[in-house]
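Here's the structure we're looking at; comments come further down.
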Amino acid sequence: MKKFFFLSLIIFLFSFFVMGKGYLKLDELYGSMKALSSQNSSILKLDTLGRSQGGNPIYVFVVGGSENDGKFYPSIFVGANFEGYRVDGTYMVINLLERVLSDYKSGKLKNFLTHHKIYFAPLLNPDVYENYFSGVEKLTNNFPVNDDLDEVVDEDSPEDLNGDGFITMMRVKDEDGKWIVDEKDPRIMKKADAKKGEVGIYKLYTEGIDNDGDGRINEDAKGGVLLSKNFPQKFPYFEKDTGIYPASQPEVREFIDYLLKKRDISFVFLFGSENMLTTNIPFNKGNLGGERVKVPERFARYLGLDPQREYTLNEIVKIIKESGFGRGRDITPEKVAQFFGFSTPTNITPTDKKFYDELKKEYEKIVKEEKREKKFPSGGSPALWCYFQYGVYTVEDDIWSIPENLGKGKKKGVLSPDNLKKMNGEDFLKLEDSKINDELKKIGAPSFVNAKMLKEAVKSGRLTPKKIGEMIKKFKNKKSAEGGFKKLEEKYKLYEKYYGNDFFIPWKTFKHPTLGEVEIGGLKPFVGKVPPFNLVKERVDGEYKFFTGLLGKFKDVEISKVKVEKKADGIFKISCYVKNNCDLPIFTDFASKFSVVNPISVQLLTDNGIKIISGKPLQKITQIEPHNQKKVKWLISGKEGSEITLRLYWDRWGEIVKKVLLKEE
């Protein structure tokens, strides 16, 4: 027994010594996780969410929640790194867990963890994580994909030809090449611009050889699928590497299954490559009730409506209520839209946006740092699935990213999307033509797009300033993607700021077996995608302070009071108060409006000769705002002094049973 204890202690101390020096490799990470579990077995359980495509276990720590005192206590899920290469997210979750355990032992979080559970999943994509340390920038999992459609799978992967431990780029002189060396920074390769008289002299390849002899190099590398884009919500069907269908990957299905089984989870906090804490939240601004739709014929006949005519959703709600078709249910425009198969909004609701805006303010106040790139979760992401389909508040935090505005401190031009968004048509028409044309030229807009054309389009109503802003954004993105060298130079300066000199492999000559003399060099794998270890280490304090502030919002939901009033002999009015003591609503506004989750039910059990005179035996509560309560009531007949039973139930949290004497207090 002593031998086992000392062995565990040695593993524990060694693993966290390594964690303090840099990102852990997969076997080191697994060793530290097991040691952490064994050292804290009284409060911590190591669970397995599932296994990856490559057979690696996906571990989840379950902390706390050992006692139940007749109240509902929401749980929190903290997960990281569906990308696999975001090793900083994995490191952050391990550190948050360590500090939670420390605060539990010191007493700071003892009461919280006595009742609440926190699930910590530090690594949700172990296969790509394992690859991170191999020196090749591979973003997909190990699912076999035939990229070159030649009936052979994964047969042409990159090779480390020069043996420096990294897969970088090869440049080879070729008269058909499209690339040249930047005259200001010889590390940078840029596409030749024929308009400036530039002529390409290089072809670029990923480091490696043509393994399958088809004349192409590294066109069918091993794997795979981007797990962070394989979720069902807004699944990007026609994008590369997102999978052949939603949740096609075992890691994604296992995550979904795990959360659906752990119904007590009310908040999901993810660390990944996108962000909901430093960016503006897109939301539905429109009035859904005012939308005009045609009612499907089979329902139109039943309701006495014309299937060829358009009705507002508010009109349909009124007609349904008057017809009795709703049978006393809570009929809303959102529920009508769902029932009739009209489209469901795919943006956060205005009410939920207010919560996210408050959270953003709290985060920015605590985690003070340089501006990050604005990357709200896109289609197929786990964060969107958790909010829209699992039905809970969800945030994703990328910890760090290269700032979006590389020209820091520069004044925004008249055609900046932000400025245009604030303008009306008259404001735009007042702008000077020369300023508009100068700015269009700077951002690389096509030559036919000019001030005269845009103003005529605004006058005729074909375009609005906001729409022009969206066009401008596309022009800027295209210029950036083509590698405008000024932007690349600024980006390389930022790389030097964050990584020092450890981000670039100098170009060196190499004798390639088929291409002849080439030069190998370029950016190291994951530069710009993963922050330096020391930078992440410095941010643990701020992230933990924000996290514990988040925990403070979760208290409990309870039957706060049951009032018995005697109305006559054997007749009693029962009032049951259900209170939400948390700092956030029980349900997200979206989940409540679109019935993503089942409502809470309050049931009066009719035993001991109890008969209900008025009020449904089972009544439903669809929402309770923070620090508010809802009342449900019944008028019943029964013998004074007998016992009645009230049952509060939610399929996510279980049930609370309260027994009350039928006697006026």
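Looking only at the range 65-74, count every residue that is touching a Ser or Thr at 6+ places or on another chain (Cβ under 8 Å) and surrounded by 22 or more Cβ atoms within 10 Å (Cβ to Cβ) and tell me the total.
1
How do the strands (runs of 3 or more DSSP E) wholly within the range 39-89 filter down when requiring 2 or more residues that are among the β-branched types (Val, Ile, Thr) and in contact with a strand residue (DSSP E or B) (Cβ under 9 Å, 6 or more places away or on another chain): which remain?
In the range 39-89, the matching strands (runs of 3 or more DSSP E) lie at 57-64, 75-80.
Which ones in the range 646-665 are assigned to a strand (DSSP E or B), touching a Pro at 6+ places or on another chain (Cβ under 9 Å) and open to solvent by 10 Å² or more (accessible area, probe 1.4 Å)?
none
Taking the range 455-503 only, how many residues are modelled with pLDDT of 80 or more, part of a helix (DSSP H, G or I) and farther than 30 Å from residue 426 by Cβ?
Number satisfying all stated conditions: 11.
Any residue that is part of a strand (DSSP E or B), at pLDDT 90 or above and not basic (Lys, Arg) - is there at least one of those in the range 373-394?
Yes, there is a match, as at least one residue in the range 373-394 is part of a strand (DSSP E or B), at pLDDT 90 or above and not basic (Lys, Arg).
Any residue in the range 354-368 that is open to solvent by 50 Å² or more (accessible area, probe 1.4 Å) and within 22 Å of residue 83 (Cβ to Cβ)?
No, the range 354-368 has no match at all.
In the range 180-230, which residue that is part of a strand (DSSP E or B), under 38 Å from the mean Cα position of the chain (by Cα) and surrounded by 17 or more Cβ atoms within 10 Å (Cβ to Cβ) is modelled with the lowest pLDDT?
Among those that are part of a strand (DSSP E or B), under 38 Å from the mean Cα position of the chain (by Cα) and surrounded by 17 or more Cβ atoms within 10 Å (Cβ to Cβ), it is 220.
Could you tell me which numbered condition residue 31 fails, if it satisfies all but one of (1) surrounded by fewer than 22 Cβ atoms within 10 Å (Cβ to Cβ); (2) within 23 Å of the chain's Cα centre (by Cα)?
(2)
Residues in the range 138-179 that are at pLDDT 80 or above, over 25 Å from residue 529 (Cα atoms) and open to solvent by 20 Å² or more (accessible area, probe 1.4 Å): how many?
Residues that pass the stated criteria total 5.
Could you run through the range 76-116 and say how many residues are out of contact with any Ser or Thr (no Cβ under 7 Å at 6 or more places or on another chain), of a type in the set (S, T, N, Q) and closer than 20 Å to residue 34 by Cβ?
3
Can you name the condition, by its number, that residue 450 falls short on among (1) out of contact with any Pro (no Cβ under 7 Å at 6 or more places or on another chain); (2) over 29 Å from residue 193 (Cα atoms); (3) surrounded by 13 or more Cβ atoms within 10 Å (Cβ to Cβ); (4) touching a residue at least 12 places away in the same chain (Cβ under 8 Å)?
With respect to (1) out of contact with any Pro (no Cβ under 7 Å at 6 or more places or on another chain); (2) over 29 Å from residue 193 (Cα atoms); (3) surrounded by 13 or more Cβ atoms within 10 Å (Cβ to Cβ); (4) touching a residue at least 12 places away in the same chain (Cβ under 8 Å), residue 450 is out only on (2).
Do we find that residue 620 is more than 17 Å from residue 567 (Cβ to Cβ) and of a type outside the set (Phe, Trp, Tyr) in this structure?
Yes: the conditions hold for residue 620.
Which condition number in (1) in a strand (DSSP E or B); (2) farther than 23 Å from residue 396 by Cα; (3) modelled with pLDDT of 95 or more is the one that residue 30 fails?
(1)
In the range 42-53, what residues are open to solvent by 50 Å² or more (accessible area, probe 1.4 Å) and either touching a residue at least 60 places away in the same chain (Cβ under 8 Å) or under 13 Å from residue 64 (Cβ atoms) (or both)?
Within the range 42-53, 42, 45, 51, 53 qualify.
Is it true that some residue in the range 635-645 is open to solvent by less than 70 Å² (accessible area, probe 1.4 Å) and within 22 Å of residue 69 (Cβ to Cβ)?
The answer is yes, given that some residue of the range 635-645 is open to solvent by less than 70 Å² (accessible area, probe 1.4 Å) and within 22 Å of residue 69 (Cβ to Cβ).
What are the residues in the range 614-629 that are in a strand (DSSP E or B) and either open to solvent by 60 Å² or more (accessible area, probe 1.4 Å) or free of Cβ contacts under 8 Å to residues at least 24 places away in the same chain (or both), if any?
614, 618, 619, 620, 628, 629
I'd like to check something: does the range 252-275 contain any residue that is touching a Leu at 6+ places or on another chain (Cβ under 8 Å), in a loop (DSSP other than H, G, I, E, B) and either open to solvent by 60 Å² or more (accessible area, probe 1.4 Å) or at pLDDT 90 or above (or both)?
Looking for residues that are touching a Leu at 6+ places or on another chain (Cβ under 8 Å), in a loop (DSSP other than H, G, I, E, B) and either open to solvent by 60 Å² or more (accessible area, probe 1.4 Å) or at pLDDT 90 or above (or both), one finds none in the range 252-275, hence no.
The values are calculated or read from the model by the stated rules, or taken from the named source; none is laboratory data. Predicted model only: the values in this text are computed from it and were never measured. Reconstructed Cβ throughout: ideal geometry from the backbone, glycine too, with neighbour counts over all protein chains shown. Please note that ligands, DNA and RNA were not included when accessible areas were found on the heavy atoms of the full protein model with its side chains. Shrake-Rupley method; radii C 1.70, N 1.55, O 1.52, S 1.80 Å.
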